[in-house]
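What follows is a set of notes on a single structure, which appears directly below.
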Amino acid sequence: MGRADSEEGQLPAPVKPPDGGWGWIVLLGCFVITGFSYAFPKAVSVYFKELMKDFHVGYSDTAWISSIMLAMLYGTGPVCSIMVNQFGCRPVMLIGGLLASSGMILASFTTNIIELYLTAGVLTGLGMALNFQPSLIMLGTYFDKRRPLANGLAAAGSPVFLSCLSPLGQVLLEKFGWRGGFLIMGGLLLNCCTCGAVMRPLEMGMKRKMEKKAKKAKKKSKKGKKLLDFSIFSNRGFVIYTISKFILVLGLFVPPILLVNYAKDTGVPDTEAAFLLSIIGFIDIFARPACGMVAGLKWVRPHVAYLFSFAMLFNGLTDICSARASNYTGLVIFCVFFGISYGMVGALQFEVLMAIVGSQKFSSAIGLVLLIEAVAVLIGPPSAGR
């Protein structure tokens, strides 16, 4: 795999995950990256009302910004897999942080909606993608027995950041306008570079003694290694997982993206409307780690796929019931239940995927899954907006 071998410490003998140590720092970095990756596209919706006024566009047009951002996060999965396999996690994440930040900074100078699609959507989305997938791969190398808990804690970054970024975005919008808000949020995304820097490759014992053997093994493995392993499609569990996630993702991000503007249109004040996302985030903060702890129990972990199936069903039923939310109280109740179901899905999705394909094929699997889900992410929110 080229430089990835030396970068990632992937020498012939397997490295046993420490389930702690520097892994907690890696977990913290993954927490921040997950927070930005999932919360940022939703938090940007706070600015949509002003963008609609300035650029004379509608709901569907502004919803494309978040959809493109999420589609880049998902759709570039195979590209991320190839880059990680070729160069290692840390260099890819550092480049991603710079791209994510520059995208939002450039977006603050745009003069039409198309330019926003290219900067805030494509460039920032690509940058976050180059951070998100490598951070999950690194988390998987540092944790094994505690992996469900680690995944749950890392996934909690999404609601924590959502509960913070949404009110922050409203404050920045009121004080500096959407252009100033975009500029400041672009600066915040530079923290992704810091997270990338702490993704230290897992060292292995007796590395020096095995160095000569490793060099020979690398030369032989360079020709035989695949940048993407498509053989995982022969795994029936992986195929079922991919199809179910595609259907789920069609509607998964619709409420967080469109909820604020919907509430404003029903007469809810701007600050209270933005607070709805904070409610989802607050509930989600506790739902993800709690679900991760439950999934890690000895009698639950072998059947974690069934728990994930329940989470998806619960999320879908919550969305159906949301049609009865005609006032602010109803919207708050919806946000509570949506936060629970959303948190369960977020905590379990990658744990289930790794349980299905194994850690060795996880890099290729997550890239291919995200690519397929990108189609659902791209068409879901704009269709709902229309």
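The values are calculated or read from the model by the stated rules, or taken from the named source; none is laboratory data. Please read these numbers as outputs of a predicted model, since none were measured by experiment. Here the Cβ is made from the backbone with ideal geometry for all residues, glycine too, and neighbour counts use every protein chain on show. Side chains are part of the model used for accessible areas, which takes the heavy atoms of the whole protein and leaves out ligands, DNA and RNA. Shrake-Rupley method; radii C 1.70, N 1.55, O 1.52, S 1.80 Å.
With all protein chains in place and ligands, DNA and RNA left out, the 1.4 Å accessible area ranks Trp299, Trp22 as Trp299, Trp22, largest first. Taking 0.36 nm per residue of sequence separation and removing the Cα-Cα distance, the Leu317/Lys16 pair yields an extension gain of 104.3 nm. One compactness figure for segment 12-123 is 1.31, namely its Cα radius of gyration divided by 2.2 N^0.38 Å.
Counting only protein heavy atoms, what percent of the accessible surface of segment 18-218 is carbon or sulfur at a 1.4 Å probe? Display every interim value, and only then the final one.
Values: 5060 of 7390 Å².
Within segment 18-218, the accessible surface is 68 percent carbon and sulfur.
The figure for Thr124 is an accessible area of roughly 0 square angstrom, using a 1.4 Å probe on the protein chains alone.
Excluding Val239 itself, calculate the net charge of residues whose Cβ lies under 15 Å from the Cβ of Val239, where each Lys or Arg counts +1 and each Asp or Glu counts -1. Walk me through the numbers before you get to the answer.
Values: positive: Arg236, Lys245, Lys361; negative: Asp229, Glu373.
Residues near Val239 contribute +1 overall.
Placing a label point 7 Å from the Cα of Arg386 along the Cα-to-Cβ direction, no residue of segment 253-287 has a backbone N closer than 13 Å.
For segment 269-386, the fraction of 1.4 Å probe accessible surface lying on carbon and sulfur atoms is 71 percent. Taking the three principal axes of the alpha carbon atoms in segment 227-385, the coordinate ranges are 52, 35, 23 Å, sorted in descending order.
Grab the Cα-Cα distance for Ser60 and Leu28, subtract it from 0.36 nm times how many residues apart they are, and report the gain in nm with one decimal.
Details: separation 32, 0.36 × 32 = 11.52 nm, distance 3.53 nm.
That works out to 8.0 nm of additional length.
Scaling against 2.2 N^0.38 Å puts the C-alpha radius of gyration of segment 18-218 at 1.12. Projecting the Cα atoms of Cys80, Phe48, Gly35 onto the charge dipole of the chain, computed from C-beta unit charges around the Cα centre, puts Cys80 farthest toward the positive end. Stokes-Einstein diffusion of the chain at 20 °C, 1.002 mPa s viscosity, Kirkwood radius from Cα pairs, rounded to a whole number: 102 µm²/s.
Report, to the nearest whole %, how much of the accessible area of segment 224-263 belongs to carbon and sulfur atoms, 1.4 Å probe, protein only.
Values: 1340 of 1890 Å².
The C+S portion of the solvent-accessible surface of segment 224-263 is 71 percent.
Against the main long axis of the alpha-carbon atoms of the chain, helix 23-43 sits at an angle near 30°.
A viscosity of 1.002 mPa s and a temperature of 20 °C, combined with the Kirkwood radius over C-alpha pairs in the Stokes-Einstein formula, give segment 230-298 a diffusion coefficient of 142 µm²/s. Multiplying the residue separation of Phe233 and Thr194 by 0.36 nm and removing their Cα-Cα distance gives an extension gain of 10.5 nm. Taking every C-alpha pair closer than 8 Å and separated by at least 6 residues, the mean separation divided by the residue count of the chain gives a relative contact order of 29 percent.
Summarising the label geometry, the points placed 7 Å from Cα in the beta-carbon direction at Ile243 and Met293 lie 3.7 nm from one another.
In square angstrom, what is the accessible area per residue of the chain with a 1.4 angstrom probe? Present the calculation step by step, with values, prior to reporting the outcome.
Details: 16550 Å² over 386 residues.
Result: 43 Å² of accessible area for each residue.
For each pair in Lys145/Lys298; Lys49/Lys175; Lys53/Lys264; Lys16/Lys298, compute the distance between the two Cα atoms and list the pairs where it is over 18 Å. Beyond 18 Å between Cα atoms: Lys16/Lys298.
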